[in-house]
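One structure is given below, encoded as structure tokens.
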Amino acid sequence: MSRMDTKLLGRWGEALVAADLRKRGFRVVAHSYHTRFGEIDLIAENDTYLIFVEVKLRSSEAFAPGRMAVTPKKQRALRTTAECYLAQYPTRAQPRFDVAEVLAPEGVKTAAPQITYIEDAF
């Protein structure tokens, strides 16, 4: 799979998770928020929480579930990037870090991708 295909597949997974968040009452405020420290896939909020979501898409869990790719190094980068966001957009909402795993064995052709959502993942 080419780098472009991988990026498109990742964006597709993020769109699925964003739609799921909206169904659960969240408002998505940012996609692919970038700083020099890293990227946060999705940022969403409701009346209580401002959530920073790392989306991990897999075609198989044979090797490891997606959450295993959110290493301590990745967590540090996400926290630092979230601090940049909060400095730019202060809020009274409680920040939270979540991980969304999308299992799509046939990529974008998967009829019913499975989303496993892990709240307060780290």
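Residues Ala64, Ala77, Ala121: which one is without any contact (Cβ under 8 Å) to a residue 24 or more places away in the chain and either touching a strand residue (DSSP E or B) at 6+ places or on another chain (Cβ under 9 Å) or not in a loop (DSSP other than H, G, I, E, B) (or both)? Steps first, answer last, please.
Numbers: Ala77 fails: without any contact (Cβ under 8 Å) to a residue 24 or more places away in the chain; Ala121 fails: without any contact (Cβ under 8 Å) to a residue 24 or more places away in the chain.
Only one candidate passes the filter, namely Ala64.
Pick from the range 4-21 the residues that are of a type outside the set (A, V, I, L, M) and out of contact with any helix residue (DSSP H, G or I) (no Cβ under 7 Å at 6 or more places or on another chain): which of them is modelled with the lowest pLDDT?
Asp5
Would a scan of the range 22-39 turn up a residue that is in contact (Cβ under 8 Å) with a residue 40 or more places away in the chain, out of contact with any helix residue (DSSP H, G or I) (no Cβ under 9 Å at 6 or more places or on another chain) and either small (Gly, Ala, Ser) or buried (at least 19 other Cβ atoms within 10 Å of the Cβ) (or both)?
No, the range 22-39 contains no residue that is in contact (Cβ under 8 Å) with a residue 40 or more places away in the chain, out of contact with any helix residue (DSSP H, G or I) (no Cβ under 9 Å at 6 or more places or on another chain) and either small (Gly, Ala, Ser) or buried (at least 19 other Cβ atoms within 10 Å of the Cβ) (or both).
Go through the residues of the range 48-60 one by one and say whether even a single one is farther than 18 Å from Gly107 by Cα and without any contact (Cβ under 8 Å) to a residue 24 or more places away in the chain. I'd like the intermediate steps shown before the answer.
Filtering the range 48-60 down to residues farther than 18 Å from Gly107 by Cα leaves 48-54.
Next, from what is left, pick out any that are without any contact (Cβ under 8 Å) to a residue 24 or more places away in the chain: none.
No.
Looking only at the range 90-118, which residues are loosely packed, with under 13 Cβ neighbours inside 10 Å and free of Cβ contacts under 8 Å to residues at least 12 places away in the same chain?
Within the range 90-118, Pro90, Arg92, Lys109, Ala111, Ala112 qualify.
The values are calculated or read from the model by the stated rules, or taken from the named source; none is laboratory data. It should be emphasised that the depicted structure is a prediction, and the values quoted were computed from it without experimental measurement. All Cβ positions, even for glycine, are placed from backbone atoms using ideal geometry, and neighbour counts span all protein chains on display.
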